[in-house]
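Let me begin by presenting the structure, written as structure tokens, before commenting on it.
Every read-out reported here was derived from the displayed coordinates using simple, explicitly stated rules and does not represent laboratory data. Small disclaimer: the values here were computed from a predicted structure and weren't measured. In this analysis, Cβ positions are derived from the backbone assuming ideal geometry, glycine residues included, and neighbour counts consider all displayed protein chains.
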Amino acid sequence: MKKNLLLIMVIALIMPLQSAGADCQGICGDTNADGSVNISDAIWLVNYIFVGGPPPQPVLACGDANTDGAAALQDAIWIINFVFIGGAEPGDCSPGNWGQGGDCCPF
Ligand SMILES: [Ca+2]
Ligand SMILES: [Ca+2]
């Protein structure tokens, strides 16, 4: 019983420390975390949404190219527009400045 209480206390101490760092990392729109935003990121996102592939890396927020607070098909379309027809760059992934790294903060 005391071991369980001690374990709960340790977890309670660790949890706020993890969220305080916010774990902001990655580049908005770089869903496969290879350091650039290209068509493979749109494919990664479509694979995640429709086929159950892995989520955007390193955090889900990196898939939120249109900064509406969710990683969805619209974000894949946003990335495709950015890559192929000069559309707007992926936005600030809650929060952060695009292209400066460390952008994607967990939702
Ligand atoms: Ca990429
Ligand atoms: Ca979005």
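The table below gives the values:
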{"quantity": "Length released on extending from residue 51 to residue 84, taking residue separation times 0.36 nm less the Cα-Cα span", "calculated": "9.5 nm"}
{"quantity": "Mean Cβ neighbour count within 10 Å, used as a protection proxy, ranking 58-68, 35-45 highest first", "calculated": "58-68, 35-45"}
